1. Only one of (1) touching a Lys or Arg at 6+ places or on another chain (Cβ under 9 Å); (2) modelled with pLDDT of 95 or more fails for residue 70. Which number is that?
2. If a residue has to be outside any helix (DSSP H, G or I), more than 18 Å from residue 247 (Cβ to Cβ) and of a type in the set (D, E, K, R) to count, how many in segment 92-143 make the cut?
3. Taking interchain pairs and intrachain pairs at least six residues apart, which have beta carbon atoms under 7 angstrom, with the first residue in segment 200-219 and under 8 Å from residue 158 (Cβ atoms) and the second open to solvent by 60 Å² or more (accessible area, probe 1.4 Å)?
4. Hey, can you tell me all the residues within segment 20-39 that are within 21 Å of the chain's Cα centre (by Cα) and part of a loop (DSSP other than H, G, I, E, B)?
5. Yes or no: residue 176 under 21 Å from residue 95 (Cβ atoms), in contact (Cβ under 8 Å) with a residue 24 or more places away in the chain and open to solvent by less than 60 Å² (accessible area, probe 1.4 Å)?
6. Of everything in segment 203-223, what is more than 13 Å from residue 188 (Cα to Cα) and open to solvent by less than 30 Å² (accessible area, probe 1.4 Å)? Give them in sequence order.
7. Taking segment 144-199 on its own, how many of its residues are out of contact with any Gly (no Cβ under 7 Å at 6 or more places or on another chain), part of a loop (DSSP other than H, G, I, E, B), among the aliphatic types (A, V, I, L, M) and under 17 Å from residue 213 (Cα atoms)?
8. Which residues, counting only those in segment 268-303, are in a loop (DSSP other than H, G, I, E, B) and either free of Cβ contacts under 8 Å to residues at least 24 places away in the same chain or buried (at least 24 other Cβ atoms within 10 Å of the Cβ) (or both)?
Amino acid sequence: MQFWEQTPENIWQGRDDSAESPSAKRIFQTVQQASVFAPEKYPNHIALMGFMCDKGVELNKGRVGAATAPNIIRQGMANFADHEATKPLVDLGNVIFQGDSLPAVQAAFAEHITACHQNGLPTLVFGGGHETAYAHAKGLYDAYPDARIGIINFDAHLDVRKANTASSGTPFKQLAEECQNSNRPFNYLCVGVSRASNTKALLDTANELNVKIIWDTECTEGNIANLNNQVNAFLADLDVVYLTIDLDALPFAEMFAVSAPSTLGVRTQIYLILAETIISSNKLKAVDLVEYNPSLDRDMLCAKTAARIAWHIYNSWANN
């Protein structure tokens with residue numbers, strides 16, 4: 001089954017200010033759009049890919065709609081300024097859910113991610129539900145079999161649910177099992193966890209898996225130094241870092257178009273400060289943004305927020 005598709009050419013559009021100056025460029029004018037999946041043709045780039053799937057959200061009894069998010073976030077990012085990043089962006093298209101098997105499309109996506117990293121391309125991914133994380137991380141584990149890999153999740157939810165069927169609520173439990181089966185450590189830090197949104201069973205599972213937790217109530221401007229210290233302590237013994245951002249971690253006022261809006265949340269600015277700390281470690285190899293649901297948005301407000309986060313991280317990462 002063919003899961004990969006080229007990003008539609010009309011997605012990348014924006015305002016043309018080239019008459020003002022040769023440097024008055026925007027992302028839509030500088031992103032390279034691949035017509036075939038060929039990461040080997042783009043050395044020293046950052047690969048942008050979409051995972052157009054929210055089957056995991058459906059299976060987790062959430063509000064579906066995130067499958068259409070990748071191209072909408074691209075549109076939100078298209079008109080932002082390009083600052084001539086050292087590592088330019090190449091759009092390597094979307095992996096799209098087809099048929100009825102979530103594991104099949106996750107396996108296909110993981111293979112695409114592995115191919116990117118084997119060719120030296122870090123990956124920036126727009127999901128999709130948080131089932132994106134299992135596929136993205138699996139691709140990393142396969143690409144770096146001997147590396148000490150760490151996962152940092154900006155999220156109100158731990159997503160370590162024990163279940164017979166994989167979903168958007170199970171990715172990190174699945175990854176813990178993958179690590180156990182391959183005799184490698186499972187390193188997982190979740191930042192912004194809500195006690196109100198995680199049952200005792202989930203907290204017990206997290207404890208069993210030695211998950212590191214930073215609570216949402218800790219994520220305040222006055223506590224930034226302590227937060228950075230905790231993140232740096234987690235980073236210290238790692239070779240490769242994967243940052244996954246569940247947009248429902250943000251306050252409802254900043255991100256309402258998600259399957260499960262936050263009742264408290266952590267401000268975008270605080271997460272961006274922590275993202276800078278992660279980037280400065282020089283260990284970041286993969287980032288994704290998940291759970292944005294265009295069907296719940298208004299005037300692309302949340303799409304623009306997601307795109308602004310992606311733009312900020314890309315620019316810092318690409319020039320680090």
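The values are calculated or read from the model by the stated rules, or taken from the named source; none is laboratory data. Quick caveat, the model's predicted, so the values are computed rather than measured. Every residue, glycine among them, receives a Cβ derived from its backbone with ideal geometry; neighbour counts consider all protein chains shown. With ligands, DNA and RNA removed, areas are computed over all heavy atoms of the protein, side chains included. Shrake-Rupley method; radii C 1.70, N 1.55, O 1.52, S 1.80 Å.
1. For residue 70, the exception is condition (1).
2. Total satisfying the criteria: 1.
3. These pairs meet every condition: 202/161; 205/162.
4. Taking segment 20-39 first, the residues within 21 Å of the chain's Cα centre (by Cα) are 27-28, 31-34, 37, 39.
Scanning segment 20-39 gives 31, 34, 37.
5. On the way: under 21 Å from residue 95 (Cβ atoms): no; in contact (Cβ under 8 Å) with a residue 24 or more places away in the chain: yes; open to solvent by less than 60 Å² (accessible area, probe 1.4 Å): yes.
In short, no.
6. Narrowing segment 203-223 to residues more than 13 Å from residue 188 (Cα to Cα): 203-204, 215-223.
Answer for segment 203-223, where residues must be more than 13 Å from residue 188 (Cα to Cα) and open to solvent by less than 30 Å² (accessible area, probe 1.4 Å): 216, 219.
7. Number satisfying all stated conditions: 2.
8. If we filter segment 268-303 for residues that are in a loop (DSSP other than H, G, I, E, B), which is where we start, we get 281-283, 291, 293, 297-300.
If the condition is that a residue be in a loop (DSSP other than H, G, I, E, B) and either free of Cβ contacts under 8 Å to residues at least 24 places away in the same chain or buried (at least 24 other Cβ atoms within 10 Å of the Cβ) (or both), then 291, 293, 299 are the ones that fit.
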